[in-house]
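*Asks:* I am attaching a structure below and will ask some questions about it afterwards.
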Amino acid sequence: MTPAERLETILRGGYCTRWHANPDLAHIRETLAEHHGRVVQILLAIHPDPSLDLIRAAAHHDCGEPFVGDLPAPFKEAHPEIAGAHAEVEAEALRELCVAPLLTRADAAWLQLADRLAAFAHVRQVAPQLLDKGEWGEARQWLEHRSWELGCQAVIYDFVGGPR
């Protein structure tokens with residue numbers, strides 16, 4: 001793949017939409033590019049010193065989805081072996097696009113936090129009534145727990161509404 005083809009592929013993939021398999025959110029538009037931008041913004045706002053590899057990963061972490069699709073979170077939780085195999089195929093697609101930097105364990109944890117916080121923030125903005133439902137309460141708890149591990153609990157607790 002030439003650099004121009006790689007650029008075209010990355011930019012075109014950014015128009016793919018998220019939430020397509022979520023009945024509560026499928027009607028609400030959010031593209032991969034919008035999501036990637038939010039993840040980068042979150043990291044720049046809450047991480048004390050993000051590495052360039054972390055920012056690169058955040059800007060491209062779902063670029064493989066246009067090639068391999070995405071699995072709904074409940075399915076991933078119910079079938080971790082399939083989710084793991086799917087993640088490997090998606091990682092290969094990212095490597096083919098040359099947008100898969102090697103992350104430290106800490107950077108991977110930060111990326112996961114920012115990715116989930118971006119989803120939570122999007123739902124809070126476009127469908128706040130959903131935050132009282134079970135899966136979003138679990139997401140809130142996960143964010144709060146991970147924020148303690150990463151030392152950013154004050155900002156996360158304030159943002160997601162404090163401990164529940």
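All of the numbers you see were taken from the coordinates with simple rules; none came from a lab. Computed from a predicted model, the values in this text were never measured in an experiment. Methodologically, a virtual Cβ is constructed for each residue, glycine included, from the backbone with ideal geometry; neighbour enumeration extends over all protein chains shown.
*Asks:* What's the exposure ranking of Trp19, Trp142, Trp110, going from fewest to most Cβ atoms within 10 Å?
*Replies:* Final ranking by Cβ density, sparse to dense: Trp142, Trp19, Trp110.
*Asks:* Have a look at Leu97, Ala119, Ala109 and report the one farthest towards the positive end of the charge dipole of the chain, computed about the Cα centre with Cβ charges (Lys/Arg +1, Asp/Glu -1).
*Replies:* Ala119
*Asks:* Okay, next question. What order do you get for Leu143, Leu7, Leu71 when you list them from fewest to most C-beta neighbours inside 10 Å?
*Replies:* Numbers: Leu143 20, Leu7 12, Leu71 17.
Ranked by crowding around the Cβ, least crowded first: Leu7, Leu71, Leu143.
*Asks:* Then there's this: Got a sec? How would Thr104, Thr2 order by Cβ neighbour count within 10 Å, fewest to most?
*Replies:* Thr2, Thr104
*Asks:* Still on this structure, I have one more. Just to confirm the number: angle between the C-alpha axis of helix 32-46 and the first principal axis of the chain, 0 to 90 degrees, nearest 10?
*Replies:* That helix lies at roughly 60 degrees to the long axis.
*Asks:* Go through the stretch 143-151 residue by residue and turn each phi into a ³J(HN,Hα) via Karplus (6.51, -1.76, 1.60, θ = phi - 60°); whole Hz please, and just put x for glycine and proline.
*Replies:* Calculated HN-Hα couplings, in order: 4, 5, 4, 5, 5, 5, 4, 9, x Hz.
*Asks:* Also: Work out from phi, with θ = phi - 60° and the Karplus expression 6.51 cos²θ - 1.76 cosθ + 1.60, the ³J(HN,Hα) of each residue of the stretch 62-74, listed in order in whole Hz, and give x for Gly and Pro.
*Replies:* 10, 5, x, 4, x, 8, 10, x, 9, 9, x, 3, x
*Asks:* Now, a different point. Angle, helix 3-13 long axis vs. longest principal axis of the chain, Cα atoms, 0 to 90°, nearest 10?
*Replies:* 40
*Asks:* Can I ask one more? Which value, in debye to the nearest 20, describes the size of the charge dipole of the chain about its Cα centre when Lys and Arg Cβ atoms bear +1, Asp and Glu Cβ atoms bear -1, and nothing else is charged?
*Replies:* The dipole of the chain has a size of about 360 debye.
*Asks:* From the helices alone, meaning DSSP H stretches of at least four residues, give me the mean residue ellipticity at 222 nm for the chain, per-run term -39500 (n - 2.57), in deg cm²/dmol to the nearest 500.
*Replies:* Details: 9 runs with 109 residues, N = 164.
One gets -20500 deg cm²/dmol as the mean residue ellipticity at 222 nm.
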